[in-house]
1. Considering (1) over 12 Å from the mean Cα position of the chain (by Cα); (2) under 23 Å from Gly91 (Cα atoms); (3) among the small types (Gly, Ala, Ser), say which one Ala29 fails and leave the rest.
2. Sort out which residues of the stretch 27-73 are of a type in the set (Ser, Thr, Tyr) and in contact with an Asp or Glu (Cβ under 7 Å, 6 or more places away or on another chain), and write them in order of number.
3. Only one residue in Asp99, Asp7, Asp36, Asp19 is surrounded by 15 or more Cβ atoms within 10 Å (Cβ to Cβ), under 16 Å from the mean Cα position of the chain (by Cα) and among the charged types (D, E, K, R), so which one is that?
4. Could you go through the stretch 64-73 and let me know if any residue there is of a type in the set (S, T, N, Q), more than 20 Å from Asp23 (Cβ to Cβ) and out of contact with any Leu (no Cβ under 8 Å at 6 or more places or on another chain).
5. Take Val100 and tell me if it is β-branched (Val, Ile, Thr), at pLDDT 90 or above, out of contact with any Lys or Arg (no Cβ under 8 Å at 6 or more places or on another chain) and part of a helix (DSSP H, G or I).
Amino acid sequence: MPRKCRDYFTAAEIARAFDVPADKIETVAGKKVYLDQIGDVREAVLSVHLKWLGNGFTVDECNRLMGFKADNIDPLRVFEGITITLDPDTGEGIVPLDDVVHGYNIYKYQYDNGYWD
């Protein structure tokens with residue numbers, strides 16, 4: 001099976017996660033937001049700097065990115081058992097970037113590279 005992992009999210013995907021219009025993301029980062037740019041794009045678009053979050057996603061951002069319903073249901077149970085850390089400054093749940101990317105590949109492409117095995 002060919003490797004389908006990407007090293008970026010589209011502006012539309014990040015816009016969905018951040019709950020902003022896609023053109024706002026495109027103005028800052030173009031059509032692709034590379035994984036190492038997520039924190040900078042968040043800061044530029046949302047005027048929010050969370051030093052503990054870095055390029056990861058908050059739980060709410062992850063839910064929006066995946067398209068989970070408001071009740072946080074993970075239909076494939078992909079995220080069961082992952083470690084969610086808490087930002088000591090805000091108490092916000094942080095989903096590590098590697099877990100987000102892996103889960104997104106499972107949902108979007110039905111591709112599992114065995115990262116969690």
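1. (2)
2. Tyr34, Thr58
3. After applying the criteria, what remains is Asp99.
4. yes
5. So Val100 does not fit the description; no.
The values are calculated or read from the model by the stated rules, or taken from the named source; none is laboratory data. Here the structure is a predicted model, which is why all the values come from computation and not from measurement. A quick note on method: Cβ atoms are made from the backbone with ideal geometry, for glycine too, and the neighbour counts reach across all protein chains shown.
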